[in-house]
Amino acid sequence: MKTADPELMRAINRFHVLDTIRRHGPLARVAISERTELSPTTISAITGSLIESGFIEPVSVGDLRNSGTGGRGRPRVMLQLKADAACVIGVKVSPYRMHFVLTDFQGDVLSEFSLPVRLTREPVDVLAYLIADGVRSCLIDAGRTLDAIDSLSIAMPGVIEHATGAVRESPLLGQPNAPLAAALQDRLGILTFLESDADAIAQGERWFGKARDLDDFVLVSLEHSIGLSIMNKGQLFRGATGLSPNLGDLVISAPDAPVLIRLSELAEQSAIIAGHARTDVARDTFLSGPPDTIIPRIQAGDLVVIENAARAGAALGTALANIITLLAPPRILLVGSVLGLGDHLLEPLRRAMKAAVPPALADLGNVDIHHVDDGLWARGAAALALRELYGSPWGTMRPKQSSSKSDQEGVKHVG
């Protein structure tokens, strides 16, 4: 039987130790051993190396007193993350703005910056230039320089290849298979990761939001695309080459229908504003105004938008029922600007989902609605960069900063 790669196992164990300290620290070594189910010997070796590397630090907490004698014992030694051990930047990219956060090693925000933009099918070099400009502005606000940054994580809508840093398709880029991560590494000289915006907000919810106590859930993001993220035992599911699934590409028409209809054509933000969108021109009509222009139209009684919202809700409800049928998730989180449509969207969604879920699974798939701001999306992207750093190979102080694609692909991905 093939044995596990020792280097990989050390990286995985190292990640679990750091993540446990982040979530529950400060912790004593014995508590880390209990929570991670790693032996005390393994914990001693890992924490000793992490202290030496400057990733964690011991702190004395109180005094232990001898029971019944009133004598004073030694202070209890606990371990905590060293907040200034590393800095990362997370970015949420959308058609109307880019939002940047600079965080420390435990994910606390040091600086935040928002850059208004208008993006539609841009060349990859243009998008890379705009992101790089925002990164520099975020650093200026924090009084930092590029040399202080360990890695950069970009979250955006579309079909994203995490392992290669390529965008297979996105409403924001005008070319397929765009090497966005490589373009940013060449421009900034910082190790860059590319994420789907759904995976970024799922990680944000897992670390900082509603899902902090959940190891298993499904998240559906409803914005400029319809994203899907699957969290299983605290780990993100990724497909081949790190692909993140795009729920909007799900086919919902009957096999013998005269026209193939995908979920995105009924339920994406652009389709709700403009109606059934089959062409690229129609898919870009949402650029006539930002997301919050839909709400006044509904309040004014715009029957077209109201009917589109109801149709979108019904289509999404059927899609969620299919997710429950396939995955049986204990919880489904819905996030994104389209939720601003309220009951015009959600009531048809609930009815359609209830009607389509198999009776045997009717008790599964509880749906939580969470209205989140851009900061949590960007912070989730930063958290994904920190996951990479927590799980980087044993003996490396931090991910190697390089502009070469081969170096990027050489970093081990844990989770």
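Values in this text are rule-based calculations from the coordinates and carry no lab data. Note that the structure is predicted; figures quoted are calculated from it, not measured. Glycine gets a Cβ as well: all are built from the backbone with ideal geometry, and neighbour counts include every protein chain shown.
Summary of computed values
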| read-out | value |
| --- | --- |
| Rel. contact order, % - alpha carbon contacts under 8 angstrom, at least six apart, the stretch 213-369 | 23 |
| Dipole of the stretch 213-369, positive end: most advanced residue of PRO255, ASN322, LEU266 [Cβ charges, Cα centre] | PRO255 |
| Beta bridge orientation in the chain: antiparallel %, DSSP, nearest 5 | 65 |
| Estimated inter-spin distance, THR145 and ALA328, nm [label 7 Å along Cα→Cβ] | 5.7 |
| Helix 343-356 axis, angle to the chain major axis (alpha carbon atoms, nearest 10°) | 80 |
| Within a Gaussian network of the chain (alpha carbon springs, distance under 10 Å), most fluctuating of ARG76, ARG144, ARG351 | ARG76 |
| Per principal axis, descending, Cα span of the chain in whole Å | 79, 51, 51 |
| Ellipticity estimate at 222 nm from DSSP helix runs (n ≥ 4, -39,500 (n - 2.57)) divided over the chain, nearest 500 | -12000 deg cm²/dmol |
| Debye log10 I(q)/I(0) for the stretch 67-170, one point scatterer per Cα, at q = 0.16, 0.18, 0.20, 0.22 Å⁻¹ | -0.76, -0.91, -1.06, -1.19 |
| Sum of side-chain charges, HIS24 neighbourhood, beta-carbon under 11 Å (Lys, Arg +1; Asp, Glu -1) | +1 |
| Selected from ILE43, GLN235, LEU349, residue furthest toward positive end of dipole (the chain; charges at beta carbon) | ILE43 |
| Debye, to nearest 20: dipole size of the chain, +1 on Lys, Arg Cβ, -1 on Asp, Glu Cβ | 1040 |
| Cα-projected label distance for ASN232 with ILE306, points at 7 Å along beta-carbon direction, nm | 4.3 |
| Simple label model, 7 Å out from Cα along Cβ direction - TYR129 to THR42, nm | 5.1 |
